[in-house]
Amino acid sequence: MRPSTVRPVTVRSAALAASLLVATAPAASAVGAPEPVPTTASVETPAVHDDEAGGNADADDPAVWVHPKDSRRSLVVGTLKEAGLDVYGLDGRRLQHIEAPPAPGEGSEAGRFNNVDIVYGFELNGRATDLALVSDRGRDRLRAYAIDPAAAAAGRPPLTDVTAAGAGPVFAADEEEVDEQHTSYGLAAYTEDGDSYAVVSRRAETRMKLLKLKDENGSVSYTTEDTADLPGSFTLPDGKPWAPCTDPGEGAQVEGMAVDQEKQVLYAAQEDVGLWRIALDDGEFEAPSLFERVREYGVPWTYDEADEECVLDTENDPGYGGQNLSADAEGLTVYHAADGKGYVLASSQGDDTFAVFGRGERAPYLGSFRVTDGPDTDGVQQSDGATVLNVPLGKAFPKGALVTHDGEATPAEGEREGTDFKFVRWDRLAAAFPESLIVDTESFDPRDPD
């Protein structure tokens, strides 16, 4: 196994320096920019509640698993943080609930499931096995759950834990460091030349690790292939230093991530900075490029210790931010289409919209949309995670679907705040744009991305 290497991206190459220089050029004016187009969801999952009665459930990130024989029986897997995982059918009904692991001892942190992604065809104990892969923020591990197509087709609980007992922390050196909670956070999985990988970001840090999954006596474990650090501070075009506001002792973290499975490119959302494009080559990170900044990029700030929050000095905004994302930049997902076409979708959490960019090195901005109140569901606010698929998913989603987290499920139950997941038909979303987005159900198969 190649030893892990830590390569601070601020000094890696002249190409990287050039990409950072371009990224800090003044942004174009947003005057006259079109309003985000509206669309609606057709299905929503049951609301969960982040209180004792609700099991401290807080919906966060979804992933869609496509059934190999009957797309109507495909599944949505959603993380609930302290409450673990829920598994849903395409009608939004809950099929299974999985608790997060308990704390291993007094004073230790319990499991807390943050992000989830799907791995198809992993060789587990000699059999091709689909996995739901989860970042356990509480215990700083990856958790793997085998998906049973027969159980999914029959409406039975389809997920089984196949995590290796000896799978160790992803970032922490020991259990004491795990409890400091600078742990596994964002997650994106992909396959290259028959091997399965996961990119994992670290909570409250700029660090990311690239892990290779391995079969360990019929269970899933992992080894570190590469490590990289995104910048935590920047030099603005006027020569002044700037870093995004964070809580004391914390860095500019990444959560939302997605891999372009055909191009082997990672897209990563650094929440208070913007969107990065990073090529992946043979289990290694290549030089990253910042192709989109949040509006708040470069804005001076102070930290209010009494209220424990950042206060932006918007009156003295130097104008170096972008125009299409309001911090936090969150849930990233890739829509694959023929001939390298398609889209990168990003949640603009600060203004409850989603921005659409083209695939490729230039990644041009193409427009934004909102998921608004409709006849069957309420709209989407403060979305953390999202995932899009181009393939048909039964009659309900014949041209594919976008599944998003909703941070404010309504109507509320009194003072209880709820969260859930919303399912949007891709063809309806595509048609909402003045120039319709591509609808391509045939050129990409998530089970065979090569």
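The values are calculated or read from the model by the stated rules, or taken from the named source; none is laboratory data. Fair warning: this is a prediction, and the values are worked out from it, not measured in the lab. Because the Cβ atoms are built from the backbone with ideal geometry, glycine has one as well, and the counts that use them run over all protein chains shown. In case anyone asks, the SASA skips ligands and DNA or RNA and just uses the protein heavy atoms, side chains included. Shrake-Rupley method; radii C 1.70, N 1.55, O 1.52, S 1.80 Å.
Data overview
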| quantity | calculated |
| --- | --- |
| Prolate/oblate/rounded label for the range 163-290 (Cα gyration tensor, a/c 1.5) | oblate |
| Residue-averaged 222 nm ellipticity for the chain, from DSSP H runs of 4+ at -39500 (n - 2.57), nearest 500 | -1500 deg cm²/dmol |
| Positive-pole candidate from ALA110, TRP301, LEU85, dipole of the chain, charges at beta carbon | LEU85 |
| Dipole of the range 114-191 [Lys/Arg +1, Asp/Glu -1 at C-beta], most positive-end residue of GLY166, ALA128, PRO149 | PRO149 |
| Stretchable slack from ASP304 to HIS97, in nm (0.36 nm times residue separation minus alpha-carbon distance) | 70.6 nm |
| Shape category assigned to the range 235-306 from the gyration tensor of Cα positions, a/c cut at 1.5 | prolate |
| Farthest toward positive dipole pole in the chain [+1 Lys/Arg, -1 Asp/Glu at C-beta], among GLY321, GLY394, VAL344 | GLY394 |
| Label point distance in nm, ALA338-LEU366, each placed 7 Å from Cα along Cα→Cβ | 1.5 |
| Heavy atoms of LYS399: accessible area, 1.4 Å probe, square angstrom to 10 | 90 |
| Length gained when the stretch SER233-GLU52 is fully extended (0.36 nm per residue, less Cα-Cα span) | 61.3 nm |
| The range 293-450: relative contact order in percent, alpha carbon pairs under 8 Å with at least 6 residues between | 16 |
| Linear extension gain, ASP450 paired with ALA110, 0.36 nm per residue minus alpha-carbon span | 118.6 nm |
| Rounded if a/c under 1.5, otherwise prolate or oblate - the range 268-424, Cα gyration tensor axes | oblate |
| GLU176 - accessible surface, heavy atoms, 1.4 Å probe, Å² rounded to 10 | 140 |
| Net charge dipole size for the range 332-450 [Lys, Arg +1 and Asp, Glu -1 on Cβ; Debye, nearest 20] | 420 |
| Those residues of the range 332-364 whose amide nitrogen sits under 14 Å from the label point placed on LEU312, 7 Å along Cα→Cβ | 348-353 |
| Solvent-accessible area per residue, Å², over the chain with all protein chains present [probe radius 1.4 Å] | 42 |
| Percent accessible area from carbon and sulfur atoms, the chain, protein chains only, probe 1.4 Å | 45 |
| Net dipole in debye of the chain [+1 Lys, Arg Cβ; -1 Asp, Glu Cβ; about Cα centre; nearest 20] | 1860 |
| q = 0.08, 0.12 Å⁻¹: log10 I(q)/I(0) that the Debye formula gives for the chain, counting C-alpha atoms only | -0.42, -1.01 |
| Among 300-310, 409-419, 127-137, the order from most to least packed when residues are scored by Cβ within 10 Å on average | 127-137, 409-419, 300-310 |
| Between the range 309-388 and the range 131-172, the alpha-carbon center distance in angstrom | 29 |
